[in-house]
Ligand code: ATP
């Protein structure tokens, strides 16, 4: 069993800096867990504590049913793949992959079998005699993966393994890593600051900010029901529109006043938590994703209760869709619309939004209200 459990794990560096605070997470066997967040949020520190490369200041780390806080890295049954591959330049691909097993005094025939099996999975059998300098970036990345695979560890840790690759290769390797996970059926913990990588690879994603977990959920739930403004803004591209809004009460429902010209009347079910929370007369933050605002007739007819007008500032054609940028009060907003749109910069355009997809956040605590 390669389940992991982190209980109140903290990391305080010797200079007193708290890099990870009260990290609690249960990881089931064979999960593909992603740690994602902006630079410096504590992703690598957490991964390195799991690997045993960084001491845990307080809290407990369990792998299976064993408390491993004080277990040496080599005895944790974990393999780590780093962003810089860390291949030995003077050794062939074969020797790079075999190195860890040789150190463990694994019999030669078993090493040979493991290396060839891993090379086959990764499609690098034809490269086994080459030195790393004679490989492309993607091939080196595969060798680094191969070196981890040959050990058949219980858990793979990957720290931004694709960050040195160009955009096209990243997409290819992303698919490869997904396949690898299905094939190896091991637990993977993967660090990235790239939200596309996080969304496409993870069975669950841990969003971190300033060393504190913001939300742990499936990619779909993170996207559809973010807990707070940070998660709402971090997951999704272009990012969710987030606009300050004044709450005006009208009996059992409320209207959100986003600007002098844009007001949205909320249905009773969306209004209730706002009224119950005592937000009438206060400012909240309204959040809606670009794809939930459109300018085509069909959409406007369907969502006729939530239309508004705005002047288009920027038109971006992305092939299958068009992003229209416009301002609501002082905030630049985006609508992801059908490429057949006739809207161009300078046009006053009628938009509608799908109110069922609207999120409302507390401006002070930044937590979700509804
Ligand atoms: P990135 O995406 O940039 O790699 P990260 O989320 O992986 O960032 P960490 O490397 O875990 O971030 O670092 C978390 C915080 O801890 C950062 O603010 C970093 O400056 C700090 N930090 C890292 N190592 C040390 C150290 N040895 N001493 C003091 N502070 C450190």
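Numbers below:
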item	result
Flag if residue 98 is more than 12 Å from the ligand (Cβ to nearest atom) and in a strand (DSSP E or B)	no
Of all residues in the stretch 256-279 being in a strand (DSSP E or B) and in contact with a helix residue (DSSP H, G or I) (Cβ under 9 Å, 6 or more places away or on another chain), the one that is nearest to residue 39 (Cα to Cα)	256
Lone unmet requirement of (1) more than 7 Å from the ligand (Cβ to nearest atom); (2) surrounded by fewer than 22 Cβ atoms within 10 Å (Cβ to Cβ); (3) under 24 Å from residue 177 (Cα atoms); (4) touching a residue at least 40 places away in the same chain (Cβ under 8 Å) for residue 49	(2)
Check on residue 15, assigned by TED's automatic domain parsing to the domain that holds residue 135, modelled with pLDDT of 95 or more, within 16 Å of the ligand (Cβ to nearest atom) and surrounded by fewer than 19 Cβ atoms within 10 Å (Cβ to Cβ)	yes
Any hit, the stretch 30-46, residues being touching a strand residue (DSSP E or B) at 6+ places or on another chain (Cβ under 6 Å), away from the ligand (no atom under 13 Å from the Cβ) and in a strand (DSSP E or B)	yes
Complete set of residues in the stretch 52-68 that are buried (at least 20 other Cβ atoms within 10 Å of the Cβ) and not in a loop (DSSP other than H, G, I, E, B)	61, 63
All positions within the stretch 18-29 that are within 9 Å of the ligand (Cβ to nearest atom) and either at positive phi or surrounded by 17 or more Cβ atoms within 10 Å (Cβ to Cβ) (or both)	19, 20
Options 184, 169; residue that is over 14 Å from residue 81 (Cβ atoms), more than 16 Å from the ligand (Cβ to nearest atom), surrounded by fewer than 19 Cβ atoms within 10 Å (Cβ to Cβ) and in the same structural domain as residue 33 (by TED's automatic domain parsing)	169
Only listed residue being within 14 Å of the ligand (Cβ to nearest atom) and in contact with a helix residue (DSSP H, G or I) (Cβ under 8 Å, 6 or more places away or on another chain), chosen from 213, 189, 177, 235	189
Search result, residues across the stretch 195-210 that are touching a residue at least 40 places away in the same chain (Cβ under 8 Å) and surrounded by fewer than 22 Cβ atoms within 10 Å (Cβ to Cβ)	195, 196, 203, 204, 209, 210
When residues of the stretch 235-255 are limited to those that are over 29 Å from residue 214 (Cβ atoms) and not in a loop (DSSP other than H, G, I, E, B), the one modelled with the lowest pLDDT	250
Residue check, residue 334 in contact (Cβ under 8 Å) with a residue 40 or more places away in the chain and not in a strand (DSSP E or B)	no
From 354, 276, residue being surrounded by fewer than 15 Cβ atoms within 10 Å (Cβ to Cβ), closer than 26 Å to residue 214 by Cβ, modelled with pLDDT of 95 or more and not assigned by TED's automatic domain parsing to the domain that holds residue 213	276
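The values are calculated or read from the model by the stated rules, or taken from the named source; none is laboratory data. Computed from a prediction, not measured in an experiment: that's the story for all the values here. For neighbour counting, all protein chains shown are included, and Cβ atoms are generated from backbone atoms with ideal geometry for every residue, glycine included.
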